[in-house]
Amino acid sequence: MNRLNPTIIFALTGIPLLAAAFVAVLLTMGGQPKPVQYAAVLSISYLLGSVPWGYILLKMRMGVDIRQYGSGRTGMSNVLRTAGGKVAALVLLLDVSKGVLPVFLARTIIGASEADVAAALLALIGHNWPVFLGFRGGRGIATGAGALTILAPISAAVGFLVFVSATFASRYVSLGSITGVVAASLAMLALDLLGYSPTPYTLYGFLGGGIIIWQHRDNIRRIREGNERRLGHPSTGSS
């Protein structure tokens with residue numbers, strides 16, 4: 001008898017259990033003491049971020065380990081190069097949701113900007129260092145952008161426009177990602193100084209942005225050495 005694929009087992013059991021835990025926290029934590037609320041929300045945030053959608057979908061659809069291809073990352077860019085646009089679009093949507101849902105949960109249960117930021121950071125850390133995949137995940141662009149869209153939509157829009165412009169001007173997705181992160185962080189700082197955004201959100205911009213840029217350090221090295229492939233060529237990239 002063939003053994004069940006562990007990825008399928010996780011998809012059929014682990015993800016539904018995590019979804020049930022999310023709903024349980026949403027429905028039951030409202031009246032609990034703050035430390036209990038924080039513990040529940042932040043734990044769920046990290047676990048949601050840790051779900052490696054790129055790995056799961058390619059393993060189930062093609063029977064391959066995405067970590068053995070391209071950049072070795074589990075995010076959308078590497079999935080795009082390996083499996084094509086349809087699967088990559090689904091991974092992008094799911095990875096963005098990993099940033100959106102924790103912030104929504106923190107805002108609903110705790111209702112403090114510090115909690116929103118903590119949940120966003122834990123989701124980002126989960127995506128980049130997932131407990132379900134040996135702490136080897138993506139670079140955090142999609143998950144970080146999902147959280148930023150809820151926290152500071154204007155800054156997210158600025159970052160997206162700079163990302164698109166820099167990517168098409170340079171033909172480097174990684175450079176576009178880095179410049180987009182920097183632009184979004186500076187936009188958050190400007191809005192904070194003008195009194196339109198809470199200071200903790202600015203902290204997320206710089207801490208989260210720093211994590212994402214750190215995850216691109218190999219891309220930065222290749223750009224400096226002239227070895228980074230441009231958009232449209234199979235290569236390592238931003239995930």
Which numbered condition residue 74 misses (of (1) touching a Phe, Trp or Tyr at 6+ places or on another chain (Cβ under 8 Å); (2) assigned to a helix (DSSP H, G or I)):
(2)
Take the conditions on the phi > 0 side of the Ramachandran plot, small (Gly, Ala, Ser) and touching a residue at least 12 places away in the same chain (Cβ under 8 Å) and apply them to residue 54. Does it pass?
no
I want to confirm something. Restricting to the range 44-56 and keeping residues that are out of contact with any Phe, Trp or Tyr (no Cβ under 6 Å at 6 or more places or on another chain) and β-branched (Val, Ile, Thr), which single residue is surrounded by the fewest Cβ atoms within 10 Å (Cβ to Cβ)?
56
Could you check, for the range 11-19, whether at least one of its residues is closer than 22 Å to residue 146 by Cβ and buried (at least 19 other Cβ atoms within 10 Å of the Cβ)?
no
Of all residues in the range 142-177 being closer than 21 Å to residue 106 by Cβ and of a type in the set (Val, Ile, Thr), the one that is farthest from the chain's Cα centre (by Cα):
154
Only residues that are among the hydroxyl-bearing types (Ser, Thr, Tyr) and either part of a helix (DSSP H, G or I) or surrounded by fewer than 19 Cβ atoms within 10 Å (Cβ to Cβ) (or both): list them for the range 170-192, please.
170, 174, 177, 179, 185
Let me confirm something: among 85, 111, which residue is within 16 Å of residue 42 (Cα to Cα), free of Cβ contacts under 8 Å to residues at least 40 places away in the same chain and out of contact with any helix residue (DSSP H, G or I) (no Cβ under 8 Å at 6 or more places or on another chain)?
111
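Every residue, every condition in (1) more than 14 Å from the chain's Cα centre (by Cα); (2) surrounded by fewer than 22 Cβ atoms within 10 Å (Cβ to Cβ); (3) in a loop (DSSP other than H, G, I, E, B), yes or no:
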site: 39; (1), (2), (3): yes, yes, no
site: 42; (1), (2), (3): yes, yes, no
site: 58; (1), (2), (3): yes, no, no
site: 70; (1), (2), (3): yes, yes, yes
Scan the range 25-35 and tell me whether some residue there is over 15 Å from residue 110 (Cα atoms) and either of a type outside the set (S, T, N, Q) or touching a His at 6+ places or on another chain (Cβ under 6 Å) (or both).
no
State whether one or more residues within the range 109-125 are farther than 23 Å from residue 190 by Cα and in contact with a Lys or Arg (Cβ under 6 Å, 6 or more places away or on another chain).
yes
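Every number in this text was worked out from the coordinates using simple rules, so none of it is lab data. As the structure is a prediction and not an experimental result, all values here were calculated from the model. Note that each Cβ is placed from the backbone with ideal geometry, even for glycine, and that neighbours are counted across all protein chains shown.
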